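First the structure, in the form of structure tokens, and then the observations on it.
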Amino acid sequence: MKIVLRQDVPKVGESGTIQSVANGYARNYLIPKGMAVVATEGEIKVAEHNMKVRERKVTRQEEQLQSIADKIAGTRLEFVARAGEQGRLFGSVTSAEIAAQLAEKTGEEIDRRKIQLTDPIRTIGEHEVEIHLVGRLRPVIIVAVEAEKTEEDEAEEAEASDEAASEPEAEGSEAATSPDEE
């Protein structure tokens, strides 16, 4: 059965598109819930007209947002978060945090819902994140997550730097004593 979708339906199509679905699915689910109507000649003409209007609108929006996409594309955002020994975070980096830091870095406000995260970022390392601005305009940014330094890590680094500083002195004193011994 051919139908015209009134709203986005997962795994079927977007609002305003003409789709062909099983008769029972259309009659028993989509049409009674107001998600679709039967595709008559009049409905098809209206749907096609609306699609053309929507395409023009999306094209105009893409032209307006192209400069923002160019500014955002390839931007590297760095986050510091508490993490366990295996590199898993005690929480996650969310789209709201990414949007806030992106706005701070580029000066452009991006709605957090436009940031496409398949899963929340829960591991340290670099992650590519797609931003769905409008239509085919989807710049990709890089989100780098580093582990927060704990007091133990800082103590180890301090010991390592102390040892590195004392090694040249020890080598110099050994060199000075070895000629005297001969």
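Of Leu117, Leu30, how do they rank once you tally other Cβ atoms within 10 Å and put the fewest first?
Leu117, Leu30
Give me the dipole magnitude in Debye, nearest 20, for segment 2-52 about the Cα centre, with unit charges on the beta carbon: positive for Lys and Arg, negative for Asp and Glu.
Once rounded to the nearest 20, the dipole reads 120 debye.
Select from Ile141, Ile131, Gly107 the residue farthest towards the positive end of the dipole of segment 70-150; place +1 on Cβ of Lys and Arg, -1 on Cβ of Asp and Glu, and compute about the Cα centre.
In segment 70-150, that residue is Ile131.
Mean shadow of segment 2-52, computed from the convex hull of its alpha carbons, in nm²?
3.1
Do me a favour and compute the ellipsoid semi-axes for segment 70-150 from its Cα gyration tensor, root of five times each eigenvalue, largest one first, whole Å.
Working through the eigenvalues yields semi-axes of 24, 12, 10 Å.
For segment 1-97, report the translational diffusion coefficient in µm²/s to the nearest whole number, using Stokes-Einstein at 4 °C, 1.567 mPa s, and a Kirkwood Rh over Cα pairs.
Estimated via Stokes-Einstein, D reaches 75 µm²/s.
Mind listing the long-range amide H neighbours of Ser15? Cut-off is under 5 Å, sequence gap 5 or more, other chains count too, H placed in the peptide plane at 1.01 Å from N.
Asp8, Val9
Which value, in debye to the nearest 20, describes the size of the charge dipole of segment 30-140 about its Cα centre when Lys and Arg Cβ atoms bear +1, Asp and Glu Cβ atoms bear -1, and nothing else is charged?
Approximately 260 debye in magnitude.
Laboratory data are not the source of any read-out in this text; all were calculated from the coordinates shown. These numbers come from a predicted model, not from an experiment. No Cβ is skipped: glycine too gets one built from the backbone with ideal geometry, and neighbour counts run over all protein chains shown.
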